[in-house]
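Here the structure is laid out as structure tokens; the discussion comes afterwards.
The values are calculated or read from the model by the stated rules, or taken from the named source; none is laboratory data. Since this is a predicted model, take the numbers as computed values, not measurements. When we count neighbours, we look across all protein chains shown, and the Cβ atoms used for this are built from the backbone with ideal geometry, even at glycine. Surface areas here come from the heavy atoms of the whole protein model, side chains and all, with no ligands, DNA or RNA. Shrake-Rupley method; radii C 1.70, N 1.55, O 1.52, S 1.80 Å.
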Amino acid sequence: MDTEASPSVTPRSTPKSSQYNLEFKSPQSSSKKKQSTESGPHNDSSQTFIVSLIDNRAKDIGIAAINLKSSDIYLTQFSENSATYSNTYNMIQLYNPDEVLLPNSLSETKLSDMIQSKFANKKITNIARKFYNEVKGSVLIKELAVSDHTIESEVASKYLSISAASALLQYTEHIQKMVFAKQSLKFHYKPLSGHLQLDPSSISNLELIYNLKDGSKKNTLLSIINHTQTPMGSKLLQSTLIQPLTDINTITTRLDCVEELLREENNFFNISKELGNFVFDIDHLLSQFTHCNQSSTRSSHGFVQHFICLKRVLQQSPQLAILCDAYENPMFKAVSSNLKSDSLTILLDQIEQVIEEDVSYTRNTLGMQIQKCFAVKTGINGLLDVARRQLMELTQEVHEHVRQLIDQTGITSLKLQYNTRRGYYLSYDNRANISPQSDATFIQQLRNKKRVVCSTEDLNSKNFRIKDLVEEILLLTESVISDLIGKVRSLLSSLYKVSESIAMLDMLISFASVVTLNSDYVRPSFTLDGPIAIKQGRHPIMEKCKLNSYIANDVYISESSNLHIITGPNMSGKSVFLRQVACITILAHCGCFVPATFASLRIVDRIFTRISTDDSMESNASTFLVEMKDVAHIVQNVTNKSLVLIDELGRGTSNVEGSSIAWSICEYLMSLKAYTMFVTHYMQLSELELLYPNIKNFHLMVTTTGDGRLSYLYSIGEGSCNQDGYGIKLAKMLGLPKVIVTEADEICRVVLEEKKKKSLLMHQDDATRELKNVYQFAQRILALRYSTLSGASLKNYVEGMKQQLPDKNEIEDRVEEEVFVGDDELLHDDD
Ligand SMILES: Nc1ncnc2c1ncn2[C@@H]1O[C@H](COP(=O)(O)OP(=O)(O)OP(=O)(O)O)[C@@H](O)[C@H]1O
């Protein structure tokens, strides 16, 4: 099919493929293709990614990724500050690509090794370095990007990402044989810093998209907040969850929108209802208009269907726009103006002039066939009208033929059916009485359990004629609609905005639905460098499983105590508590309300998790090896703005070595401004609190019932867990023989007594203790910067804090001397 009839759409000439086949190593010969078994974040049927990457000697990385199903291209360039190339790995892994393209001469072999080992189950293709060409890349971007896109200015200085795009586009064109129409692709620049980075193991450990139990999407954070109704909204929500935002203004705008939606509830439900009409993937639909190398009649079949879908989108969008107009937020205004732009009204008008009014989207095979043939209005092309009249007559003949057959054979269950492969065919109940004479009339008979499927000579010949006529009609239809295809291509940038707007609206409606379905979710607030303060926080997934028995907990982590050591017996809820903090932080960074009664968070640049899950064990790797790899990754990449959640460390080695490693990791992490929560069974770690003022101990509370059984409270308390032989009590509850339990109890008592003598607690002097109190008092005062308290209530709060100190006057003097010099604002009496 010639899709280039419109003068405004010029196909780019395809270079002689042989030249490129020589240059690009054939994917089959140079790559190791294995079946992917991984379930990555983007691993759904609407996405198929190819990623291209390049580096330079200064360890800058350029990445370009194309989604072949939607024609979106993502460009990124960043400076790799991790020795293990973890940023590069995370970035590529986010796309979960089917294929990775590498220049045949990567300057860093370590990078090449990382790609080869981490993406061993993907197709890795080497490409001649000369295809990573910045100049060519710029030309291609200029030529292919939709018209009013700002991508050229965004990537002007990002020469590596342009080079990566150059190789990627040449590869898809010459090897994948996808020729894109001019100004048809949607380019996006994705800076590394604009998003909260989550590494793939955290995405998996926190069960954001897939659960750890069976790898499905059930009981995941996504399942809790996903009330989207369109494929675009669902994709946006999923990608937001694995790449939450770090821009405080954008997050606030989203939260404002959710709040506004909740205020105007009737309108909110109407929008939700309206969104239910956008059932097909508009991105995928538009990508069909970007390819200009579809020259068979197959594509014309498709285009008719695409126009029917597009017409429906354009008809429904203005209605959605009117509903959005009821809201004040500029985000809704922008969505509204994208959905009802004048150019789209003109396009709809043009489509309606050509496409019949009453054709609509259908999945039925015969319905689809009829719609394709009769989609173009009568009176536009004389030959087309004649061919269609012939088709109608022929179809009537087919029906008449069946009626005659029923009369002749007396088989009342005889039915006319249709499928794409056979065309029209017959079927009747296999219990029907049929004479031998009638039986001979039917040819190509196939019996199944209930029916006999067959045809007749006459029906077959009519089928051939119908097939020819349909081909002719579709060719004539194509000549009519090719002009329309050009018009759609020239408006792709507006149409992409429609898709993006619907996706954003759908995601916001989904966030609002979360709140209507869970009235106890609250709007989070943000500071750039304040504490993470969560009141009555809950784990969104666990609370669904536990219904009313879930126990909410508070969290307050700030610069003054940026490392929390959390202890508690087995099964007391430590891991759930850690995951709860992570989930609430992620939800808030997406712009969603959170399960708590109050939440104030600081903007976090990365969340690191070291959470042991049985499923996450690397094949044949020991527990210790996996732990050390994880923790090395954290230490190498953690920043002052990160949130680090470690659930036990040093389990796979001797007690002494394990606790020593855990101790020194804690010392390292507390020296940063990162917020760290460290769950451990090594009780000696709680002594760190005595040495360092910014380390605080917490524990998950349990009590012992009268009969010596453990009762879990799942509530977090200050201080460390007392060593009351909980592990032994649990073992007893689980059926360990009495003789073993008694012996274990005795050994435990002796060891603990020995330990107590050496404990730092015994040797800590009063001066150290007092100094620590002063430090913590001062830090709490400084943290008032983020407080909403003012006037008398602020003064009362400070008074209350002072009462808690042993020697009020002395402390006051020292605080003034040491901490508040120059900080007049805070000390001002009126405040
Ligand atoms: N806040 C809570 N409210 C109600 N039930 C909870 C809560 N937290 C945890 N639980 C229950 O306790 C179980 C154990 O929790 P979790 O795995 O967090 O314990 P843990 O202290 O990490 O155990 P271990 O030290 O053995 O790893 C959970 O599966 C859940 O059923």
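Beyond 22 Å between alpha-carbons counts as too far, so tell me which of Lys186/Lys372; Lys110/Lys142; Lys130/Lys177; Lys273/Lys340; Lys218/Lys544 fall in that bin. Working shown, then result.
On the way: Lys186/Lys372 29 Å; Lys110/Lys142 33 Å; Lys130/Lys177 20 Å; Lys273/Lys340 18 Å; Lys218/Lys544 12 Å.
The answer is Lys186/Lys372; Lys110/Lys142.
Under the rule a/c < 1.5 gives rounded, and otherwise a/b versus b/c splits prolate from oblate, where does the range 555-667 land using the Cα gyration tensor? Can you show the working numbers first?
Working: a/c = 1.72, a/b = 1.66, b/c = 1.04.
Prolate is the answer for the range 555-667, as a/c is 1.5 or above and a/b outweighs b/c.
Give me the percent of accessible area attributable to carbon and sulfur for the range 59-181, probe 1.4 angstrom.
Values: 1940 of 3920 Å².
Ligands and nucleic acids excluded, carbon and sulfur reach 49 percent.
For Glu754 and Phe624, what is the calculated FRET efficiency with R₀ set at 30 Å and r taken between the beta-carbons, to the nearest 0.05? Before the final figure, lay out the partial values.
Working: r = 27 Å, r/R0 = 0.88.
The pair Glu754/Phe624 has a calculated efficiency of 0.70.
Among the listed pairs Lys69/Lys122; Lys629/Lys732; Lys59/Lys629, which have their C-alpha atoms separated by more than 25 angstrom in this model?
Values: Lys69/Lys122 18 Å; Lys629/Lys732 35 Å; Lys59/Lys629 22 Å.
Going by Cα-Cα distance, Lys629/Lys732 fall outside the 25 Å limit.
Starting from the 7 Å offset along Cα-to-Cβ, what nm value, one decimal, do you get for the label separation of Ile248 and Arg709?
In this crude spin-label approximation the distance works out to 5.1 nm.
For the range 94-214, with only Lys/Arg (+1) and Asp/Glu (-1) charged at the beta-carbon, what is the dipole magnitude about the Cα centre, in debye rounded to 20? Please report the intermediate quantities before stating the final value.
Values: 14 positive and 13 negative charges, 63 e Å.
Computed charge dipole of the range 94-214: roughly 300 debye.
Quick check: at a probe of 1.4 Å, how many percent of the accessible area of the range 522-762 sits on carbon and sulfur atoms? List each step's numbers first, then the result.
Values: 6010 of 10490 Å².
Roughly 57 percent of what the probe reaches on the range 522-762 is carbon or sulfur.
With each pseudo-label sitting 7 Å past Cα toward Cβ, what's the Asp358-Thr378 distance in nm, one decimal?
Distance between label points: 1.2 nm.
Is the range 382-472 rounded, prolate or oblate when judged by the Cα gyration tensor, a ≥ b ≥ c being the square roots of its eigenvalues, rounded requiring a/c under 1.5 and prolate requiring a/b larger than b/c?
On the way: a/c = 2.77, a/b = 2.08, b/c = 1.33.
Prolate is the answer for the range 382-472, as a/c is 1.5 or above and a/b outweighs b/c.
If I stretch the segment between Ala156 and Asp407 completely, what's the gain in nm (0.36 nm per residue apart, minus their alpha carbon distance), one decimal? Can you show the working numbers first?
Numbers: separation 251, 0.36 × 251 = 90.36 nm, distance 7.61 nm.
Computed gain between Ala156 and Asp407 is 82.8 nm.
What does the charge add up to near Asn381, with Lys and Arg as +1, Asp and Glu as -1, over the other residues with Cβ less than 12 Å from its Cβ? The partial results should precede the final answer.
Numbers: positive: Lys377, Arg388; negative: Asp385, Glu472, Glu478, Asp483.
Net charge in that neighbourhood comes out at -2.
How large is the charge dipole for the range 563-720, taken about the Cα centre, if only the Cβ atoms of Lys, Arg (+1) and Asp, Glu (-1) carry charge, to the nearest 20 debye?
Working: 11 positive and 14 negative charges, 96 e Å.
For the range 563-720, the charge dipole is close to 460 debye.
Quick check: residue separation of Ala58 and Asn104 times 0.36 nm, minus the Cα distance between them. What number comes out in nm? Present the calculation step by step, with values, prior to reporting the outcome.
Numbers: separation 46, 0.36 × 46 = 16.56 nm, distance 1.82 nm.
Contour length minus the Cα-Cα distance gives 14.7 nm.
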